[in-house]
Amino acid sequence: MDEQLSKRRKIPPAVFDAARATLKRLRDEDCPKKTVATQTAAAPGVGGIYIAPVVGNTNTCTNQTFTSFISLGIPDPFTPGTRSECSNGFAGGAAIGMPVATVPNPFPNLFRTAETAPPRRANGSRWGDYSPVVLGVEATLLGSTARNPFTGSPALGVGPGPETDTYTVKDNLMMSFSGTATIPTGAGFNVVVSAGYGFVNKTVTYNCNGFCTTAAGIPARSTSTDVRLGGPVVGAGIQVAVPNLPFIMQFDYSHWFIGERTILLGDPAAVQAGFRASQDINLFTARAVIPLGALLPR
């Protein structure tokens with residue numbers, strides 16, 4: 001049929017075949033192959049705000065270094081060494097964020113194979129055939145049950161009584177403000193990296209049991225105070241699309257470098273303990289990233 005058409009129009013078959021091959025090559029270069037079936041999860045909240053319920057586990061390590069110890073108004077000698085305690089706890093809360101900009105993907109072929117990569121253009125480049133990196137901002141608020149107990153006061157030369165004293169550092173709330181980058185991989189998931197600053201509200205308690213009754217000769221007592229510590233937060237995670245559901249599952253790890261603070265507990269006229277406290281927190285979470293538009297009536 002092609003030969004008859006070329007003869008009817010007096011087009012040499014070789015020229016006709018060359019033109020048809022050129023058209024086919026241009027079509028293949030400009031249109032991605034339909035056989036590329038691997039899709040990347042859409043970046044969260046593209047075009048608007050997103051919310052995310054968050055649950056996970058927090059591994060909290062508290063470092064305690066005594067700076068002073070006073071009983072009945074008189075400074076006591078003490079052991080200044082640092083001691084550490086670590087524990088796990090539940091963390092739960094929510095995050096809210098939004099995209100603010102997009103930039104070209106610097107790793108377009110990181111997770112792609114020859115079968116999943118789009119065809120190259122005439123200039124040999126595939127730039128622009130991939131979803132861009134989405135830059136955003138996010139705020140997270142979590143409640144935490146992590147609790148680090150310490151046993152014993154550092155006072156010297158007062159017998160075994162101080163060994164029954166206890167100090168407890170309990171996390172209450174964790175809040176962070178971060179910048180995020182969501183990087184499509186072309187392999188069915190996104191990579192998410194974040195960096196920002198976090199705050200942790202804590203309750204620090206000193207139970208003066210043995211030292212008060214044995215060394216100081218006063219009734220046992222307990223004193224506590226709430227403190228807020230802060231420091232840098234860095235994290236990374238992956239996003240996976242959930243078929244037929246309006247949200248994306250995200251699994252994250254973040255490390256909180258919580259700075260130190262000097263805490264004074266008690267009354268120097270009775271017993272007062274002073275120490276520096278700092279923390280390192282490893283947070284593992286899962287969340288459902290829900291674009292706010294998916295929750296509004298249409």
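The values are calculated or read from the model by the stated rules, or taken from the named source; none is laboratory data. Computed from a predicted structure; not experimentally measured. Note: ideal-geometry Cβ built from the backbone for every residue, glycine included; neighbour counts use all protein chains shown.
Among the residues of segment 238-259, how many are part of a loop (DSSP other than H, G, I, E, B) and buried (at least 17 other Cβ atoms within 10 Å of the Cβ)?
Filtering segment 238-259 for residues part of a loop (DSSP other than H, G, I, E, B) gives 242-247.
Imposing the further condition that a residue be buried (at least 17 other Cβ atoms within 10 Å of the Cβ) reduces the set to 247.
Qualifying residue count for the region: 1.
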If you check every pair at least six apart or on different chains, which have Cβ atoms under 6 Å apart with a residue in segment 161-172 that is farther than 15 Å from V200 by Cβ and assigned to a strand (DSSP E or B) first and a residue that is of a type outside the set (A, V, I, L, M) and modelled with pLDDT under 90 second? T166/T151
So if I check each of F275, F199, which one is part of a strand (DSSP E or B), without any contact (Cβ under 8 Å) to a residue 40 or more places away in the chain and out of contact with any helix residue (DSSP H, G or I) (no Cβ under 7 Å at 6 or more places or on another chain)? F199
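Yes/no per residue for (1) under 30 Å from T223 (Cα atoms); (2) at pLDDT 90 or above:
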residue	(1), (2)
P243	no, no
I248	no, no
Y253	no, yes
G266	yes, no
F275	yes, yes
L283	yes, yes
A286	no, yes
When restricted to G230, G266, G235, the only residue buried (at least 16 other Cβ atoms within 10 Å of the Cβ), more than 19 Å from R147 (Cα to Cα), within 23 Å of the chain's Cα centre (by Cα) and of a type in the set (G, A, S) is G235
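Specify the residue that is nearest to T67 (Cα to Cα); the eligible residues are those in segment 244-263 that are touching a residue at least 60 places away in the same chain (Cβ under 8 Å) and within 14 Å of the chain's Cα centre (by Cα). Step through it out loud before you land on a result.
Applying the first criterion (touching a residue at least 60 places away in the same chain (Cβ under 8 Å)) to segment 244-263 yields 248, 250, 252, 254, 256, 258, 260, 262.
Narrowing further to those that are within 14 Å of the chain's Cα centre (by Cα): 250, 252, 254, 256.
Working: Q250: 43, D252: 37, S254: 31, W256: 24 Å.
Top of the filtered list is W256.
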